[in-house]
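Written out below as structure tokens is the structure these notes cover.
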Amino acid sequence: MNVLQLLIYKIEFPVPALYLFLFLMYKGFKRSIELLKDLDPIKPLLHLEMAVSSSLFTSAFQGSMSLSSRKTCNKDFMFNHSSLSKQSGYLKSIYPRNPRFLPNEKLTKLELTNRLSERKGALCCALELDNTPSFSVGKKFQLDDVIEAQQFDKEDLSAIFEVARQMELIEKNSPGSQILKGYLMATLFYEPSTRTRLSFESAMKRLGGEVLTTENAREFSSAAKGETLEDTIRTVEGYSDIIVMRHFASGAAKRAAATADIPIINAGDGPGQHPTQALLDVYTIEREIGKLDGIKVGLVGDLANGRTVRSLAYLLAKYKDVKIYFVSPDVVKMKDDIKDYLTSKGIEWEESADLMEVATECDVVYQTRIQRERFGERIDLYEEARGKYIVDRRVLGAMPKHAVVMHPLPRLDEITVDVDSDPRAAYFRQAKNGLYIRMALLKLLLVGW
């Protein structure tokens with residue numbers, strides 16, 4: 001069935017000429033006549049009521065829609081916490097989280113009763129779609145939380161990157177965007193952060209939302225009094241619509257997602273993962289190199305404790321003919337779980353102790369800091385690892401002309417300052433891309449595609 005069958009009869013007013021004009025422009029005169037023949041001739045007065053937000057109007061018209069069974073109007077789609085189910089540690093709601101967002105998939109999943117509600121004297125109804133088109137025409141974002149890199153597939157990544165490019169245009173050309181007006185984001189950071197916290201807060205504000213923030217939750221929240229993470233999450237979700245959390249314990253983000261009824265974004269969980277950093281890293285590689293299939297990436301530095309390289313390895317495994325080099329001191333080598341995962345996905349990897357040799361082969365040299373905070377009292381091991389692999393002008397000279405140097409930052413001495421002036425130094429562009437990726441994720445999680 002076609003979009004014209006979204007029409008809902010209303011006797012009080014005649015057909016607005018604009019609706020008819022837009023319809024004729026969209027489907028063509030011939031198709032219009034065919035559909036008009038199917039309409040009840042004794043009800044010539046029509047009114048178009050769409051129970052979706054204006055932001056999805058264009059997307060909805062690109063799909064094939066049906067009113068084979070009528071649903072309730074948009075106000076009845078308010079998020080219901082009791083509709084949540086837990087799957088693999090993530091919240092999987094069968095309802096859209098927000099009344100503004102109608103998912104572009106069959107709404108029979110909503111299992112709503114066939115009721116019609118009156119709104120200002122007009123009948124209104126929701127839409128049921130006969131098919132599920134591509135992300136570009138309004139497909140629902142499939143994840144309620146962002147917890148780990150494995151939860152994304154290649155199609156997810158392409159769609160997120162497309163939205164990120166749209167966010168870049170908004171940031172540059174449309175100050176004062178109100179896409180997230182009325183939404184509140186809580187940033188709950190138990191570990192220090194500059195780029196991640198500020199980029200999330202900037203992303204929210206640039207889209208018209210508001211921010212509740214705690215900079216050092218480990219010391220300046222009730223966690224210092226012994227409050228459990230679960231109790232903190234249950235409390236904070238009562239004040240906000242989405243929580244961005246960084247925690248010192250691996251797995252903390254999963255615990256938060258299993259507790260909360262609102263979206264949780266993992267902004268880093270100890271030595272575990274940092275999925276939003278990995279997303280911006282892959283986005284940066286695509287922008288800088290021009291492709292993601294067939295690339296060679298050298299991961300350098302603290303690979304045992306570096307959550308960024310772990311998440312990045314998971315995402316790179318989505319692409320074809322990728323080769324990854326691991327270059328690190330012995331005490332901080334990449335752990336076997338990542339190596340085993342790459343092998344299971346058919347990704348070629350190699351460990352090397354020679355950064356210069358690897359630099360000659362790579363499209364991307366991804367340098368990381370040796371993380372002193374992960375060594376505890378074993379400062380001797382930290383000193384053993386620190387300073388062994390440094391990207392300097394000599395390494396740049398060995399790299400191909402098209403290759404780039406990346407770093408999740410902050411850096412200490414693992415990239416010398418004189419590298420900054422080389423156009424292949426991409427790490428500050430990389431940091432800026434974090435704003436666009438995080439704008440995209442906030443939009444997708446709160447209001448959808």
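The values are calculated or read from the model by the stated rules, or taken from the named source; none is laboratory data. Predicted model, so just to flag it, every value in this text is computed and none were measured. FYI the Cβ positions are ideal-geometry reconstructions off the backbone, even for glycines, and counts take in every protein chain you see. In case anyone asks, the SASA skips ligands and DNA or RNA and just uses the protein heavy atoms, side chains included. Shrake-Rupley method; radii C 1.70, N 1.55, O 1.52, S 1.80 Å.
Rundown of residues vs (1) touching a strand residue (DSSP E or B) at 6+ places or on another chain (Cβ under 7 Å); (2) surrounded by fewer than 23 Cβ atoms within 10 Å (Cβ to Cβ); (3) at pLDDT 95 or above, yes/no style:
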residue: GLU377; (1), (2), (3): no, yes, no
residue: GLU383; (1), (2), (3): no, yes, no
residue: ARG386; (1), (2), (3): no, yes, no
residue: MET406; (1), (2), (3): yes, no, yes
residue: LEU409; (1), (2), (3): no, yes, no
residue: ASP413; (1), (2), (3): no, yes, no
residue: ASP422; (1), (2), (3): no, yes, yes
residue: LEU441; (1), (2), (3): yes, no, yes
Open item on the list: Step by step: first the residues of region 225-243, then only those that are assigned to a helix (DSSP H, G or I) and aliphatic (A, V, I, L, M), then the one that is surrounded by the fewest Cβ atoms within 10 Å (Cβ to Cβ). Which residue is that?
Closed with: LEU229
Task: Qualifying residue in region 384-406 (condition: closer than 22 Å to GLU191 by Cβ and not in a loop (DSSP other than H, G, I, E, B)) - done: yes
Open item on the list: Can you say whether GLY268 is touching a strand residue (DSSP E or B) at 6+ places or on another chain (Cβ under 7 Å), on the phi > 0 side of the Ramachandran plot and in a strand (DSSP E or B), as far as the supplied structure shows?
Closed with: yes
Open item on the list: Taking the conditions exactly as written (over 17 Å from HIS274 (Cα atoms), part of a loop (DSSP other than H, G, I, E, B) and open to solvent by less than 30 Å² (accessible area, probe 1.4 Å)), does SER193 satisfy them or not?
Closed with: no
Task: Exclusive hit being open to solvent by 20 Å² or more (accessible area, probe 1.4 Å) and either modelled with pLDDT of 90 or more or touching an Asp or Glu at 6+ places or on another chain (Cβ under 8 Å) (or both), set GLU219, GLU162 - done: GLU162
Open item on the list: I need the full set of residues from region 388-404 which are open to solvent by 20 Å² or more (accessible area, probe 1.4 Å) and at pLDDT 90 or above, in order please.
Closed with: ILE390, ASP392, ARG393, ARG394, GLY397, ALA398, PRO400, LYS401, HIS402
Task: region 311-333, subset open to solvent by 10 Å² or more (accessible area, probe 1.4 Å) and among the hydrophobic types (A, V, I, L, M, F, W, C), residue modelled with the highest pLDDT - done: ALA317
